[in-house]
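The values are calculated or read from the model by the stated rules, or taken from the named source; none is laboratory data. In this text the structure is predicted, and so the values were computed from the model without any measurement. Positions of Cβ are backbone-derived with ideal geometry, glycine not excepted, and every protein chain shown enters the neighbour counts. Heavy atoms of the whole protein, side chains included, go into the accessibility calculation; ligands, DNA and RNA do not. Shrake-Rupley method; radii C 1.70, N 1.55, O 1.52, S 1.80 Å.
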Amino acid sequence: TLRQTLKQLLGVQVEAFSERYLGLPTAVGKINSGTFEYLVDRARGSMQGWAERLFACDDRETLLKSIVQAIPTFSMSCFLFTKKVCKSLTSSMAKFWWSGSLDRRSLHWLSWDKLASPKARGGMGFRDLELFNLALLGKHGWRFITMPNSLCARVMKGRYFPNCEFMEATVPRSSSAIWRAIVAGREALQSGLIKRVGDGSTISIWQDRWIPSTPTLCPQIMPGGTTLDRVSELIDTENWTWRVDLVRSVFIRPDADAILNIP
């Protein structure tokens, strides 16, 4: 096999690779609820050790945010957790928050969704673990876009999207768990991406997001019968300014004002 061949070439006599390396599972395969059960156990063990100390609410908040929520962060930046794992972690944190113990039952006056909203909106600022997981994975996609010459970006591009851009990449059946996770985080990334206007030749006026300070980041209304397609058609390439009359005649006033404010 390939493993045996590599061992002979490199002179490796003994394999000493444990189940986890740097806190991550070394042989993941298909992600299931048991893959990261050890993280749930670690989080529960931490909270169980604090249960007898009768912490006040502000102390419990600090412990949950600084310790318990930090335990799965590294793993979440590499793998997509199942909903069951996220729910187990959330359930344990909710129990500890409301009762100070994992064994004592108490009334939960608010759902975790409300506690996980920002304090400015009436919540406690706890993390929604599923959304946090996707946000961390979305950062990999952002690095692929902004640093395409990095080693990781070049390896992934050669393996999964050699003939297209990252945002158009697919997920083959043989994809690794890490690639599937990165693509899952792409949805979170896509919701906030906007194209920066240069010469406008690669930006579609009606399909791409390119207008900041508007609700949809793209034109709200497409007038009938228009033949305009690319943003470059709205630019005077001799003076590198917007064709003001054309912009105001095609777009509604809020969109036109936003476009003319783009440098």
### Message
Take Thr62 and tell me if it is at pLDDT 85 or above, among the hydroxyl-bearing types (Ser, Thr, Tyr) and open to solvent by less than 40 Å² (accessible area, probe 1.4 Å).
### Response
no
### Message
Restricting to the range 197-244, name every residue that is open to solvent by 80 Å² or more (accessible area, probe 1.4 Å), closer than 14 Å to Leu260 by Cα and under 24 Å from the mean Cα position of the chain (by Cα).
### Response
Ser213
### Query
Under the condition of being farther than 30 Å from Val171 by Cβ and hydroxyl-bearing (Ser, Thr, Tyr), which residue from the range 104-158 is surrounded by the fewest Cβ atoms within 10 Å (Cβ to Cβ)?
Ser111
### Flag if Arg186 is in contact (Cβ under 8 Å) with a residue 40 or more places away in the chain, surrounded by 14 or more Cβ atoms within 10 Å (Cβ to Cβ) and closer than 24 Å to Phe144 by Cβ
yes
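A quick yes/no check of all residues on (1) closer than 19 Å to Leu136 by Cβ; (2) without any contact (Cβ under 8 Å) to a residue 60 or more places away in the chain; (3) not acidic (Asp, Glu):
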site: Ala43; (1), (2), (3): yes, yes, yes
site: Ser77; (1), (2), (3): yes, no, yes
site: Leu80; (1), (2), (3): yes, no, yes
site: Arg104; (1), (2), (3): no, yes, yes
site: Leu107; (1), (2), (3): no, yes, yes
### Message
Can you find, within the range 63-100, the residue that is nearest to Cys152 (Cα to Cα) among those that are touching a Phe, Trp or Tyr at 6+ places or on another chain (Cβ under 9 Å) and not in a helix (DSSP H, G or I)?
### Response
Phe79
#### Entry: Positions within the range 39-53 being modelled with pLDDT of 85 or more and open to solvent by less than 40 Å² (accessible area, probe 1.4 Å), in sequence order
Leu39, Val40, Ala43, Ser46, Met47
### Query
Just to be sure, is Arg173 open to solvent by 70 Å² or more (accessible area, probe 1.4 Å), closer than 25 Å to Asn32 by Cα and modelled with pLDDT under 90?
yes
### Query
Which residues, taken from the range 183-196, are within 9 Å of the chain's Cα centre (by Cα) and basic (Lys, Arg)?
Arg186
